[in-house]
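First the structure, in the form of structure tokens, and then the observations on it.
The values are calculated or read from the model by the stated rules, or taken from the named source; none is laboratory data. Note that this is a predicted model, so its numbers are computed, not measured. Here the Cβ positions follow ideal geometry from the backbone for every residue, glycine too, while neighbour counts run over all protein chains shown.
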Amino acid sequence: MRIVLDRPRCEGHGLCEEAAPDLMHLDDDGELVLDREEISDADSALANAAVRVCPVAALRLV
Amino acid sequence: MTDSAVPISDLDLFDDPVLVDPYPSYAALRGLGGVVHLPANDVYVLTRYDVIRNALGDWESFSSEGAIGFNPMVNEALTGTSLASDPPVHTQLRATLTANLSPRALRGLKDSIDAKADALVEELVNKGSFEAIDGLARALPLEVVADLIGFTGQVRDSMLRWGQAAMQVIGPMNQRTAESFPIAGELYAWCSTVTAEDLAPGSVGRGVFEAEARGDIPPNTAGHIIHQYLGAGVDTTIASIGNIVALFAAHPEQLALVRENPSLVPAAFNEVLRYWAPLHAWGRRATRDVEVDGVVVPQGAKVAILFGAGNRDPRHYEDPDAFLVERNPIDHLSFGYGPHGCAGQGLARLEAHAVIEALARRVGRLVVGPEVRVPSNITRSIEELPILEVAPA
């Protein structure tokens, strides 16, 4: 499973970081950085939560 | 495919008592189905959480083009805005609108918004009794948005009327809409003629014009962007802040939880938005026959999204009629979701979090008089909320 970011759609609301701080963070410019794109089974619940809270649907799991 | 008939209700979505307290009607509609046909308004309403969330994410089946409002005049007027367009056109318009509105662009405003909110709350608490809508719910967003856009003088005084009218005209062509069109027209006219020099140097509004002059955004879009900041960002935020005060007055034990644990502030705002949605109904149009919850919404049908109905859906939220700040319903529907998700939600959060923090810090309990509500087509807000007594924290 992999997490995919639609970069132009991301507005940096940061709710995904709150949901899954180990998987992603906003950098000093407020741009989202995916720290782990390949998602293990152990992290799949967190990754799902991050995808779900994105208010503009910029994240998805493939 | 299915041949089940769409449930029908004789409810008028924009009837005065429904607008003042829509929650009993929302529950009845949800009970009938995830989608219900209302012949009185010639719309198909979406009522259940999953149905609404799916529709908001599916712009290909549920178009915004010419479909946001509930009368043809307003849909005509909104043509060419990000609000009323679909991808790919929407994508560019949205990027232009949000360049100065995204959380990363707004980070510099947090301290000044926190200070404004705290000063307002401190002053009101010291007074001991006050009217919370004018004194706080309107005062803060008007000051924040005016400073953001760089408004000065007389225009600042018009912001409240303009913001209310811009939402009111999205309703069906009833008396409220007819009376509001001339006022919404004043806003539109002003935005069509405003120039960079009318706006304070260093403001975000002035920056939008400078971006236009540099060619960073298309020609003649700066005025439209200012229009959307005002049309969408004033009335809704006022509603949310009024709701914060009223809900914490009614639930002092929930305010105490936030005071004991300030990290609950964002969760508390999510719960306020879930519990009382600022927007009653928002339009879409079905681009094809769409199967929803086992029935078919026919191609071309006018669709109304009932955010507040979805937010109280017991299929999604346990004990949905309880106001619980620890619930943290981060996936509430009040900001919409997906490509058209509220563009100003970052600013709304800054303002609302500042108010909740200040209230939790300074207020133990609020004794309130009866709240006054006035029916309004789209924005559901409290008109007057007398605070009779403040017990300090």
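For region B:155-207, how many residues are more than 18 Å from the chain's Cα centre (by Cα), more than 20 Å from B:E76 (Cα to Cα) and of a type in the set (A, V, I, L, M)?
So the count comes out to 6.
Exactly one condition in (1) closer than 27 Å to B:A166 by Cα; (2) in contact with a Lys or Arg (Cβ under 9 Å, 6 or more places away or on another chain) is false for B:R30; which is it?
(1)
Quick check on my filter: what residues within region B:235-264 are under 24 Å from B:E131 (Cβ atoms) and among the acidic types (D, E)?
Answer for region B:235-264, where residues must be under 24 Å from B:E131 (Cβ atoms) and among the acidic types (D, E): just B:D235.
Tell me which residues, restricted to region A:1-44, are part of a loop (DSSP other than H, G, I, E, B), over 13 Å from A:L61 (Cβ atoms) and within 12 Å of chain B (Cβ to nearest Cβ). Reasoning before the result, please.
Taking region A:1-44 as the starting set, the residues that turn out to be part of a loop (DSSP other than H, G, I, E, B) are A:1, A:6, A:10-14, A:20-23, A:27-31, A:35-37, A:39-40.
Still in the list and also over 13 Å from A:L61 (Cβ atoms): A:10-14, A:21-22, A:27-31, A:35.
A:C10, A:E11, A:G12, A:H13, A:G14, A:D27, A:D28, A:D29, A:G30, A:E31 - these are the residues of region A:1-44 that are part of a loop (DSSP other than H, G, I, E, B), over 13 Å from A:L61 (Cβ atoms) and within 12 Å of chain B (Cβ to nearest Cβ).
So which pairs qualify, if the first residue must be in region B:302-331 and within 14 Å of chain A (Cβ to nearest Cβ) and under 26 Å from B:L19 (Cβ atoms), the second must be among the polar types (S, T, N, Q) and in a loop (DSSP other than H, G, I, E, B), the Cβ gap must be under 7 Å, and the two must be at least 6 apart or on different chains?
B:F307/B:S334
Give me the pairs: first residue in region B:344-362 and closer than 13 Å to B:A119 by Cα and at pLDDT 95 or above, second residue among the charged types (D, E, K, R) and in a helix (DSSP H, G or I), beta-carbon distance under 6 Å, and six or more apart or on different chains, which are they?
From residues that are closer than 13 Å to B:A119 by Cα and at pLDDT 95 or above, the pairs are B:A354/B:D114; B:A358/B:D118.
With the structure loaded, tell me whether B:L56 is under 20 Å from the mean Cα position of the chain (by Cα) and either assigned to a loop (DSSP other than H, G, I, E, B) or aromatic (F, W, Y) (or both) or whether it fails that test. Give the derivation first.
Details: under 20 Å from the mean Cα position of the chain (by Cα): yes; either assigned to a loop (DSSP other than H, G, I, E, B) or aromatic (F, W, Y) (or both): no.
Criteria not met by B:L56.
If I ask for residues that are assigned to a helix (DSSP H, G or I) and within 14 Å of chain B (Cβ to nearest Cβ), which ones from region A:45-58 would you list? Reasoning before the result, please.
At the first step, the residues of region A:45-58 found to be assigned to a helix (DSSP H, G or I) are A:45-53.
Hits for region A:45-58 are A:L46, A:N48, A:A49, A:A50, A:V51, A:R52, A:V53.
Collect the residues in region B:22-31 that are without any contact (Cβ under 8 Å) to a residue 40 or more places away in the chain and over 16 Å from B:I305 (Cβ atoms), keeping them in residue-number order.
Here is the first cut: in region B:22-31, the ones without any contact (Cβ under 8 Å) to a residue 40 or more places away in the chain are B:24-25, B:28, B:31.
Within region B:22-31, B:P24, B:A28, B:G31 meet the criteria.
So, in region B:175-212, how many residues would count as being hydroxyl-bearing (S, T, Y), in a helix (DSSP H, G or I) and more than 30 Å from B:F14 (Cα to Cα)?
Pass one, region B:175-212, residues hydroxyl-bearing (S, T, Y): B:177, B:180, B:188, B:192-193, B:195, B:203.
Okay, now just the ones that are also in a helix (DSSP H, G or I), so B:177, B:180, B:188, B:192-193.
Now narrow it down to the ones that are more than 30 Å from B:F14 (Cα to Cα): B:192-193.
Residues that pass the stated criteria total 2.
Of all residues in region B:334-359, count the ones that are part of a loop (DSSP other than H, G, I, E, B) and under 24 Å from B:L140 (Cα atoms). Give the derivation first.
Going through region B:334-359, the residues part of a loop (DSSP other than H, G, I, E, B) turn out to be B:334-337, B:341-344.
Checking the rest, the ones that are also under 24 Å from B:L140 (Cα atoms) come to B:334-336, B:341-344.
Qualifying residue count, region B:334-359: 7.
Any idea which residue in region B:105-135 is farthest from the other protein chains (Cβ to nearest Cβ), counting only those that are of a type in the set (K, R) and surrounded by fewer than 20 Cβ atoms within 10 Å (Cβ to Cβ)? Quick ask: steps written out before the conclusion?
Step one: list which residues in region B:105-135 are of a type in the set (K, R), which gives B:107, B:110, B:116, B:127.
Okay, now just the ones that are also surrounded by fewer than 20 Cβ atoms within 10 Å (Cβ to Cβ), so B:107, B:110, B:127.
Working: B:R107: 7, B:K110: 12, B:K127: 36 Å.
Among those that are of a type in the set (K, R) and surrounded by fewer than 20 Cβ atoms within 10 Å (Cβ to Cβ), it is B:K127.
Quick one: would you say B:A309 is farther than 19 Å from B:L264 by Cα, under 19 Å from the mean Cα position of the chain (by Cα), part of a helix (DSSP H, G or I) and not polar (S, T, N, Q)?
Numbers: farther than 19 Å from B:L264 by Cα: yes; under 19 Å from the mean Cα position of the chain (by Cα): yes; part of a helix (DSSP H, G or I): yes; not polar (S, T, N, Q): yes.
Considered against the rule, which asks whether it is farther than 19 Å from B:L264 by Cα, under 19 Å from the mean Cα position of the chain (by Cα), part of a helix (DSSP H, G or I) and not polar (S, T, N, Q), B:A309 comes out as yes.
Going through B:G344, B:G336 one at a time, which residue ends up being crowded, with 19+ Cβ neighbours inside 10 Å, farther than 22 Å from B:Y26 by Cβ and within 14 Å of chain A (Cβ to nearest Cβ)? Let's see the steps before the verdict.
Numbers: B:G336 fails: farther than 22 Å from B:Y26 by Cβ.
That would be B:G344, the only listed residue that is crowded, with 19+ Cβ neighbours inside 10 Å, farther than 22 Å from B:Y26 by Cβ and within 14 Å of chain A (Cβ to nearest Cβ).
Is at least one residue of region B:325-341 more than 27 Å from A:E17 (Cα to Cα) and over 21 Å from the mean Cα position of the chain (by Cα)? Working first, answer last.
First, pick out the residues of region B:325-341 that are more than 27 Å from A:E17 (Cα to Cα): none.
Within region B:325-341, none of the residues are more than 27 Å from A:E17 (Cα to Cα) and over 21 Å from the mean Cα position of the chain (by Cα).
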